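Engineer: I'd like to ask you about the structure that follows.
The values are calculated or read from the model by the stated rules, or taken from the named source; none is laboratory data. What you see is a predicted model; the values in this text were computed from it and never measured. Here Cβ is always computed from backbone atoms with ideal geometry, including for glycine, and neighbour counts include all displayed protein chains. The area values use the complete protein model at the heavy-atom level, side chains included, leaving out ligands, DNA and RNA. Shrake-Rupley method; radii C 1.70, N 1.55, O 1.52, S 1.80 Å.
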4 protein chains.
Amino acid sequence: MAERSAPTDGPVGPDPRRRSERARRAVLTAAAELLGEVGFAKMTVEAIAARAGVGKQTIYRWWPSKAGVLLDVFTELTGSGSEERLPDTGDLAADLKAVLRATVDEFNDPVIDRTARAFTAEIQHDSAFAEAVREQQLRPGLEAYKARLRSAQEAGEIDPGLDLDIAVELLTGPFHQRWLQRTAPLTHGYVDALVDTALRGMRPPG
Amino acid sequence: MAERSAPTDGPVGPDPRRRSERARRAVLTAAAELLGEVGFAKMTVEAIAARAGVGKQTIYRWWPSKAGVLLDVFTELTGSGSEERLPDTGDLAADLKAVLRATVDEFNDPVIDRTARAFTAEIQHDSAFAEAVREQQLRPGLEAYKARLRSAQEAGEIDPGLDLDIAVELLTGPFHQRWLQRTAPLTHGYVDALVDTALRGMRPPG
Amino acid sequence: MAERSAPTDGPVGPDPRRRSERARRAVLTAAAELLGEVGFAKMTVEAIAARAGVGKQTIYRWWPSKAGVLLDVFTELTGSGSEERLPDTGDLAADLKAVLRATVDEFNDPVIDRTARAFTAEIQHDSAFAEAVREQQLRPGLEAYKARLRSAQEAGEIDPGLDLDIAVELLTGPFHQRWLQRTAPLTHGYVDALVDTALRGMRPPG
Amino acid sequence: MAERSAPTDGPVGPDPRRRSERARRAVLTAAAELLGEVGFAKMTVEAIAARAGVGKQTIYRWWPSKAGVLLDVFTELTGSGSEERLPDTGDLAADLKAVLRATVDEFNDPVIDRTARAFTAEIQHDSAFAEAVREQQLRPGLEAYKARLRSAQEAGEIDPGLDLDIAVELLTGPFHQRWLQRTAPLTHGYVDALVDTALRGMRPPG
DNA sequence: TTCTAAGCGAGACGGTACGTCACGTCTTAAG
DNA sequence: CTTAAGACGTGACGTACCGTCTCGCTTAGAA
């Protein structure tokens, strides 16, 4: 999934310098298209190869699985998520609501919904893929929340003794669970209420 | 002209009165064994049938997929989950911690962990299965939490204006997310802290 | 395929006196219809039973196979072929041509063609069925030819020393082979030429 | 855009240049062995594949059915039957008797008998297979007879006006019918008598 | 005239084989 | 050595029928 950096370290597999950029792009494009058309589960490596006009071996040479290809699709799209940052207007509740409302809108988009579910499914039995998704997709998002909460902590908006990991989970966990289990629809009203309730648990004591 | 007893059903499939209890039990037992031995992903319908000494068609006649079989295994084990109830000692925090600590222990059992992950994965691309799991496995659990919180609400322990669905999610969502994303280990200390923080958000105002 | 005659001889199977005539007729009718619609090869015992509104077991109770059923269909239709006799006008060539022309017409009927081919196929790997077909369907036909040739022999039309079995085969074998192998179409002209040539081989010497 | 070398063919199926000779031979060998051991009817594509150490798909890729495989077995054995020729000693009767006696011996060999019967059965409901068998196995044989008879015609041994197709059938049809219907055993004596009788019908007039 | 054993319709059962799909590896020919 | 193409061995899929085996129901014969 990641480019190898040095050709002489241990057993290296194919030489990345010889990799065909044309083929790489064709594969990622084909995979992205297929994801939209048939979804992750019904997508096959053979179909990606055929659509990309690429030999199957070319896929297997450079990616560990179709999940790996998809991960690269997203890493490509999101610029590896490195510069994610939440708004910080000084009003924590408002900032969180804005972000979560945007997230609601995203997850109500069928393509994003399907893709995220596919990732969730795949993560369960492919731990290398899970690790990669966690680091490249999830962690940056959670870190952004954590940074915003730390800022609020420094501003005295929330309890300085609070475990920020738990605080982040208090905001994202309920949302994530409701989405994943489809127990109820995701709406702006819902995330507003969620933020209000969660923040009550974070207020400075006294 | 058919003289079945249930006149209001739509397409009913095979007549359940003729179903062989012996075969049903053999399939569920075989599936449970295989789940423990090879895990859900490597389990096949053919293997279940072979181990159960049953024709494949007998499985396809009564279950929609191997996931359906596994769902029945669990429904069987948990007594269809109808009478789940949380302890109610009058101390909400203590009760919730006790329950969540037990859940931590469960999810740290590799077999349960693997199975729950397999279910989570399967749910993502099989909506009929998702519906069944939601109703038979998830809903009863969440309802039990909700009932306990309602009791606490009536006892004046928590804010009477609180949306109980959100309250339940505040307790289970973070746990569920941490487990699913493996962002950090599940420990008794974690759930204690989680309960304490979440409950701070639920206290009666004033 | 044949009715059992005595209820006390050896292992007798089901009691023929209790046999349901309604079911028997329904099966034969259904089988005949299916033969015309899908042909013998694609016909299944299940389909016969379903079409006849009969349990599969009822078929297996009274017939050894679907071929057995079909044989009964034909035995029923042809009155067991007992009274077959060729015309005898005194002109052997004319009589044979008339009969063979009629046979050409029969075998050019698609239903008869398909049925006869199905029998031919089935005979190859079911020797009990082969025996039954041979005795009930083939032998009477060949005997009729033989009788007509014997009559011609007595009338001095053909060589008294001729082996009549070979003589019959000389007339029917070529026809049968051409039909079976589809090497050329079956026409009235063909059988006329065949009869003429074959009879040249049978003339009295001198 | 595909750059295959045969530009005039219709839908061609897989590229025969890529075909694995090893797999092809293994399949034919396995099929031949199984034919001898269990016969055509009890032979399955799965068994051929297993014995050959080949995937089922490899069989389905190159042959339309198990009958197609068997046809190739025979085409392989008989050198595609292209150069069949009957002996021509100048004595037509003797030559025909020699050939037919040899054929009697062949058909009295159980393996050949069973195989020929299986082909006969298969031909009845698979017209593509029938066509192939007719062209590759039957036609060359019949042509050889026809050539020998033409030679005899030119030598003045038989009637120059005779329809040679009928003449061939007069010799092979009776034999074929007797074999197929098992009305009587195939012996050297029988074919001798058959040849004698048939040739009487072919003599030059006068 | 009732009783009772059978045949009956229905169709589930344990099996076998089917023909298809996709996997991940291997082979070929071209560049 | 990489590439496009695609054949290969493998293994599971879900379906079709096989012939056997229960189920209740009906039905005809002997009691």
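Engineer: Does at least one position in region C:61-74 carry a residue that is surrounded by fewer than 18 Cβ atoms within 10 Å (Cβ to Cβ), at pLDDT 95 or above and of a type in the set (Gly, Ala, Ser)?
Structural biologist: No, the conditions are met nowhere in region C:61-74.
Engineer: Please go through (1) within 15 Å of the chain's Cα centre (by Cα); (2) under 30 Å from A:Trp63 (Cα atoms); (3) touching a residue at least 12 places away in the same chain (Cβ under 8 Å) for A:Tyr145 and return the number of the only condition it doesn't satisfy.
Structural biologist: In the conditions (1) within 15 Å of the chain's Cα centre (by Cα); (2) under 30 Å from A:Trp63 (Cα atoms); (3) touching a residue at least 12 places away in the same chain (Cβ under 8 Å), A:Tyr145 misses (2) alone.
Engineer: Report whether or not A:Asp113 is within 12 Å of the chain's Cα centre (by Cα), closer than 24 Å to A:Val38 by Cβ and among the acidic types (Asp, Glu). Talk me through it step by step, then tell me what you get.
Structural biologist: Details: within 12 Å of the chain's Cα centre (by Cα): yes; closer than 24 Å to A:Val38 by Cβ: yes; among the acidic types (Asp, Glu): yes.
Here the answer is yes, as A:Asp113 does meet what is asked.
Engineer: Given the options D:Gln124, D:Gln153, D:Gln137, name the one that is over 25 Å from C:Ser127 (Cβ atoms) and surrounded by 15 or more Cβ atoms within 10 Å (Cβ to Cβ). Walk me through how you get there before you give the answer.
Structural biologist: Numbers: D:Gln124 fails: over 25 Å from C:Ser127 (Cβ atoms); D:Gln137 fails: over 25 Å from C:Ser127 (Cβ atoms).
The match here is D:Gln153.
Engineer: Within region C:93-124, track down each residue that is over 18 Å from C:Arg178 (Cα atoms) and within 14 Å of chain D (Cβ to nearest Cβ).
Structural biologist: Correct list: C:Ala93, C:Glu122, C:Ile123, C:Gln124.
So that you can scan it fast, the table gives a plain yes or no per residue for (1) closer than 30 Å to C:Val191 by Cβ; (2) open to solvent by less than 50 Å² (accessible area, probe 1.4 Å):
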residue	(1), (2)
C:Val27	no, yes
C:Ala32	yes, yes
C:Met43	no, yes
C:Gly53	no, no
C:Asp88	yes, no
C:Asp91	yes, no
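Engineer: For residues that are within 8 Å of chain B (Cβ to nearest Cβ) and open to solvent by 10 Å² or more (accessible area, probe 1.4 Å), tally how many sit in region A:156-172.
Structural biologist: Within region A:156-172, the subset within 8 Å of chain B (Cβ to nearest Cβ) is A:162-163, A:165-167, A:169-170, A:172.
So of that shortlist, the ones also open to solvent by 10 Å² or more (accessible area, probe 1.4 Å) come out as A:162-163, A:165, A:169, A:172.
Within region A:156-172, residues that are within 8 Å of chain B (Cβ to nearest Cβ) and open to solvent by 10 Å² or more (accessible area, probe 1.4 Å) number 5.
Engineer: Might you let me know whether region A:72-80 holds any residue that is within 13 Å of DNA strand E (Cβ to nearest atom) and not assigned by TED's automatic domain parsing to the domain that holds A:Asp126?
Structural biologist: Within region A:72-80, not a single residue is within 13 Å of DNA strand E (Cβ to nearest atom) and not assigned by TED's automatic domain parsing to the domain that holds A:Asp126.
Yes or no, residue by residue, for (1) in contact with a Lys or Arg (Cβ under 7 Å, 6 or more places away or on another chain); (2) more than 22 Å from B:Tyr145 (Cα to Cα):
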position: B:Leu34; (1), (2): yes, yes
position: B:Gly39; (1), (2): yes, yes
position: B:Lys42; (1), (2): no, yes
position: B:Ala47; (1), (2): no, yes
position: B:Trp62; (1), (2): yes, yes
position: B:Val73; (1), (2): no, yes
position: B:Pro87; (1), (2): no, no
position: B:Phe107; (1), (2): no, no
position: B:Asp113; (1), (2): no, no
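Engineer: Taking the condition of being in contact with a Pro (Cβ under 7 Å, 6 or more places away or on another chain) and assigned to a helix (DSSP H, G or I), how many residues in region B:71-98 meet it?
Structural biologist: 3
Engineer: Does A:Ala26 count as away from every other protein chain (no Cβ under 14 Å), more than 12 Å from DNA strand E (Cβ to nearest atom) and within 29 Å of A:Ala144 (Cα to Cα)?
Structural biologist: Details: away from every other protein chain (no Cβ under 14 Å): yes; more than 12 Å from DNA strand E (Cβ to nearest atom): yes; within 29 Å of A:Ala144 (Cα to Cα): no.
Criteria not met by A:Ala26.
Engineer: Could you run through region B:190-206 and say how many residues are more than 10 Å from every other protein chain (Cβ to nearest Cβ) and in a loop (DSSP other than H, G, I, E, B)?
Structural biologist: Looking only at that region, the number is 2.
Engineer: Show me the helices (runs of 4 or more DSSP H) found entirely inside region C:11-70 where at least 3 residues are away from DNA strand F (no atom under 12 Å from the Cβ) and not assigned by TED's automatic domain parsing to the domain that holds C:Val133. Full working, then the answer.
Structural biologist: Working: elements: C:21-38, C:45-52, C:56-62.
Qualifying helices (runs of 4 or more DSSP H): C:21-38.
Engineer: Would you pick out the residues in region C:184-201 that are surrounded by 15 or more Cβ atoms within 10 Å (Cβ to Cβ) and of a type outside the set (Asp, Glu)? Let's see the steps before the verdict.
Structural biologist: Taking region C:184-201 as the starting set, the residues that turn out to be surrounded by 15 or more Cβ atoms within 10 Å (Cβ to Cβ) are C:186, C:190-201.
Within region C:184-201, C:Leu186, C:Tyr190, C:Val191, C:Ala193, C:Leu194, C:Val195, C:Thr197, C:Ala198, C:Leu199, C:Arg200, C:Gly201 qualify.
Engineer: Also, I was wondering about something else. List pairs: first residue in region B:109-134 and assigned by TED's automatic domain parsing to the domain that holds B:Gly39, second residue part of a loop (DSSP other than H, G, I, E, B) anywhere in the structure, Cβ distance under 8 angstrom, at least six positions apart or on different chains.
Structural biologist: If the second residue must be part of a loop (DSSP other than H, G, I, E, B), no pairs are left.
Engineer: Give me the pairs, please: first residue somewhere in region D:173-189 and more than 10 Å from every other protein chain (Cβ to nearest Cβ), second residue anywhere and assigned to a loop (DSSP other than H, G, I, E, B) and among the aromatic types (Phe, Trp, Tyr), beta-carbon distance under 7 Å, and either six or more positions apart or on two chains.
Structural biologist: Note: no pairs meet the criteria.
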